[in-house]
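The structure under discussion appears below in the form of structure tokens.
Derivation of every value follows stated rules applied to the coordinates shown; laboratory data play no part. Remember, predicted model here, so these are calculated numbers, not experimental data. Here Cβ is always computed from backbone atoms with ideal geometry, including for glycine, and neighbour counts include all displayed protein chains.
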Amino acid sequence: MSMRLFVSRDAGAVAVGADEVALALEAAAAKRGVAIEIVRTGSRGLYWLEPLVEFATPQGRIAFGPVTESDVPSLLDALASNTPHLLRLGATEEIPWLKRQTRLTFARCGVIDPRSLDDYRAHGGYKGFERALSLGPDAILTEVTASGLRGRGGAGFPTGIKWKTVAQTSANRKFIVCNADEGDSGTFADRMIMEGDPFLVIEGMTTSGITVGATKGYIYIRSEYPHAVEAMNAAIIAARRGGYLGDKIGGSTYSFDMEVRVGAGAYVCGEETSLLESLEGRRGLVRAKPPLPAHRGLFGKPTVINNVLSFAAIPFILAEGAKAYADFGMGRSRGTMPIQLAGNIRHGGLFETAFGVTLGELVDDIGGGTFTGRPVRAVQVGGPLGAYFPRALFETPFDYEAFAARDGLIGHGGIVVFDDSVDMRRQARFAMEFCAIESCGKCTPCRIGSTRGVETIEKIINGERVSENLALVEDLCNTMKFGSLCALGGFTPYPVLSALKHFREDFIPAPTTLQAAE
Amino acid sequence: MTAVYEPSYEPWNETRGAEIIAEHGKQEGATLVILHALQEAFGYVPEAAIPMVAQALNLSRAEVHGVFTFYHDFRHKPAGRHVLKLCRAEACQAAGGDALAARAEARLGVSLGNTTADDRVTLEPIYCLGLCATAPSAMLDGRLIGRLDEKRLDALVAEAQR
């Protein structure tokens with residue numbers, strides 16, 4: 001019997017040598033005349049242990065990591081003789097970091113072969129869709145609404161209401177659009193699920209299609225994600241071949257097909273109306289709302305536009321029922337959130353858990369603090385438009401409303417950790433700089449405000465009339481917040497104002513310096 | 001060590017350009033799809049292709065030019081033989097990315113966004129490769145590199161200069 005090994009093909013694992021490890025395993029096994037089979041999975045999301053190598057046993061998988069090419073011979077020895085190895089982590093499912101998660105959306109990621117429709121089905125794939133077919137559109141809407149699922153892209157709009165709005169429109173064509181323009185730094189959950197469990201996204205979009213009466217879907221993936229583009233394209237072809245896309249899907253009377261479209265390096269295209277413009281082949285200029293995309297979206301037709309993670313949550317909700325999902329979470333944040341721990345962090349990766357876990361637990365306990373070993377000073381939650389939180393706010397529970405109440409946002413669930421060497425003036429300037437680079441240019445507060453913001457923060461850094469310029473930045477932030485057309489200009493003030501509020505000491509020169517200057 | 005990969009592109013050719021445009025032009029909202037395909041074939045989007053795209057899609061030249069210039073990905077001239085992209089977003093900043101970017105600039109003698117005088121290396125910023133748990137990260141001609149440090153960066157720069 002041949003040995004069965006699992007090595008991730010996830011971009012994050014490949015970037016730290018997973019391909020080289022897989023090749024070395026094959027070469028070493030061939031040299032010894034040992035028969036092995038290597039399954040290239042997605043990532044389990046324990047990135048500090050990548051490249052992770054798993055070994056199939058009758059009792060489940062045993063993990064080793066992080067494995068380098070030079071570890072391969074000793075690893076094969078240990079496997080052949082069943083002796084201990086320095087990199088042996090024990091049963092994968094028992095690794096505490098994985099065990100304490102609640103993996104509803106990411107249940108299969110890192111487990112199955114993302115290229116295999118059979119593997120997906122063998123692990124519960126399309127179970128939700130089959131139930132959806134038996135329920136019909138009205139009952140699906142009831143389930144999705146009852147689950148309490150809110151848009152996982154960041155805005156947190158109830159998914160059920162969005163779908164219902166599109167379902168109630170009458171039009172000759174309707175569209176399903178999946179927003180996979182995951183541009184926020186510190187986020188990679190969309191990428192992981194597209195690379196590790198692409199059929200899940202297809203199943204979610206297809207379910208949305210039959211619910212609202214759409215027959216065509218687009219998934220708009222950013223060009224920085226070539227591995228995800230490849231994985232989604234391969235999965236779409238396989239799903240079509242398997243009868244899950246195209247005419248009469250899954251033996252039903254419904255038709256639905258979809259295609260991948262690739263972005264071109266514009267962050268603003270993650271904003272839904274800008275994304276629709278881009279899909280139509282135009283500059284990614286933000287549209288004024290109303291009309292809502294649900295009424296007039298892609299090519300002027302009613303459109304459901306949701307984030308990857310929103311669609312990816314649907315199959316579980318339908319397979320297990322709305323209550324099974326809604327039982328997790330707190331307040332109006334129901335279900336689980338795939339949280340991404342990133343930046344200067346010891347145990348970085350994907351941690352899916354019910355809403356309600358505190359920021360401190362996530363950063364200190366689960367994340368293990370910084371990898372530099374220095375104290376954590378600031379964490380940015382929710383991408384480049386998210387606020388910087390100090391340790392004093394680490395009691396904040398991970399929940400849409402709790403973050404909003406502290407002038408922050410959970411966004412797409414990314415947490416970037418900084419140690420005490422961070423200069424918050426530079427982070428505030430970068431927020432404005434990034435907005436200036438990525439502004440679509442349609443509205444003035446964002447287009448001009450961001451440039452003026454960079455200049456003014458620059459003056460503060462240079463010690464020019466600091467208190468006046470600080471007041472000016474605050475005023476400018478208010479103009480951007482309330483006057484911008486979309487979240488880019490509207491939310492750029494979050495990182496800037498939070499840096500000013502919680503890390504004021506970085507902006508005000510120390511009194512001794514002032515005396516010296518006089 | 002993996003062999004040095006060098007992207008290869010066709011020289012601009014109007015007939016070939018017209019073929020590419022015709023191949024993708026039937027899709028709905030085809031502009032970006034066509035511009036991507038042209039760049040994939042030629043390494044950039046030649047000026048001469050813009051009016052051809054406009055005509056095929058029944059758009060004005062200005063509209064196509066507008067789309068072309070809006071997106072950071074599209075090039076109006078070929079890049080250097082190798083393209084080294086360094087992630088400059090927050091997660092990589094938190095993990096020491098600023099110092100590495102400065103080091104790459106010093107080693108190559110160009111600032112981010114420019115090509116070395118010998119046309120060998122184009123050094124570019126990128127805002128997030130989605131490798132934020134193994135930061136800092138980089139991409140050399142489509143190959144991803146995580147957990148970048150000085151040693152790894154120097155090796156990448158040397159590889160790109162070859």
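Observations, loosely collected:
- Karplus (6.51, -1.76, 1.60) ³J(HN,Hα), θ = phi - 60°, over segment A:71-88, in Hz, Gly and Pro reported as x: 7, 4, x, 5, 5, 5, 4, 4, 5, 5, 9, 6, 10, x, 9, 4, 8, 5
- Remark: segment A:373-483 projects, on average over all directions, an area of 7.8 nm² (convex hull of Cα atoms).
- Bridge type composition, chain A - antiparallel percent by DSSP, nearest 5: 55 percent
- Computed from Cα atoms, the angle from the helix B:14-24 axis to the main principal axis of chain B rounds to 90 degrees.
- For A:THR57, residues with placed amide H under 5 Å, excluding near neighbours: A:ILE62
- Among A:SER223, A:SER274, the ranking by other beta carbons within 10 Å of each residue's beta carbon, starting with the fewest, stands as A:SER223, A:SER274.
- In straight-distance terms, cross-link reach from B:LYS77 covers every one of the aspartates and glutamates whose alpha-carbon lies under 17 Å from its own, apart from those fewer than eight places away in the same chain; here that gives B:GLU10, B:GLU14, B:GLU40, B:GLU47, B:ASP118, B:ASP119, B:GLU124, B:ASP141.
- Alpha-carbon centroid distance for the pair segment A:138-155 / segment A:182-197, whole angstrom: 21 Å
- Semi-axis lengths, Å, segment B:1-140, gyration tensor of Cα atoms, sqrt of 5 times eigenvalues: 32, 17, 14
- Whole-number D in µm² s⁻¹ for segment A:420-506, Kirkwood Cα-pair radius fed into Stokes-Einstein, 4 °C, 1.567 mPa s: 103 µm²/s
- For A:ILE36, the residues 5 or more places off, or on other chains, whose built amide H falls under 5 Å of its own are A:MET3.
- Segment A:78-178 - Kirkwood radius from inverse mean 1/r over Cα pairs (Å): 17.7 Å
- The protein assembly as shown: C-alpha gyration tensor shape, a/c 1.5 cut-off, then a/b vs b/c: rounded
- Order of A:ILE317, B:ILE34, A:ILE345, A:ILE36 - criterion: other Cβ atoms within 10 Å of each residue's Cβ, fewest first: A:ILE36, B:ILE34, A:ILE317, A:ILE345
- For segment A:223-283 versus segment A:366-419, the inter-centroid distance based on Cα atoms is 32 Å.
- Whole-Hz ³J(HN,Hα) from phi, Karplus 6.51 cos²θ - 1.76 cosθ + 1.60, for segment A:441-453, glycine and proline x: x, 6, 10, 5, x, 6, 5, 8, x, 5, 5, 4, x
- Cross-link reach list, aspartates and glutamates versus A:LYS289, counting only Cα pairs under 14 Å and skipping chain neighbours closer than eight places: A:GLU271, A:GLU272, A:GLU277
- Dividing the convex hull volume of the alpha-carbon atoms in segment A:398-449 by its residue count gives 128 Å³ per residue.
- Sorted fewest first by neighbouring Cβ atoms within 10 angstrom, A:LEU500, A:LEU200 come out as A:LEU500, A:LEU200.
- If R0 is taken as 45 Å, the Cβ-Cβ distance between B:GLU28 and A:ALA326 corresponds to a FRET efficiency of 0.75.
- Amide H contacts of A:VAL177 (H built 1.01 Å from N, in plane; Pro and chain starts excluded): A:TYR218, A:VAL304, A:ILE305, A:ASN306 sit under 5 Å, all sequence-distant by 5 or more or on other chains.
- The orientation-averaged projected area of the convex hull spanned by the Cα atoms of segment A:268-383 comes to 10.0 nm².
- Segment A:138-248: Rg to Rh, with Rh as the Kirkwood radius over Cα pairs: 0.97
- Cross-link pairs A:LYS164/A:LYS323; A:LYS216/A:LYS442; A:LYS459/B:LYS85 - those with Cα-Cα distance over 27 Å: A:LYS216/A:LYS442; A:LYS459/B:LYS85
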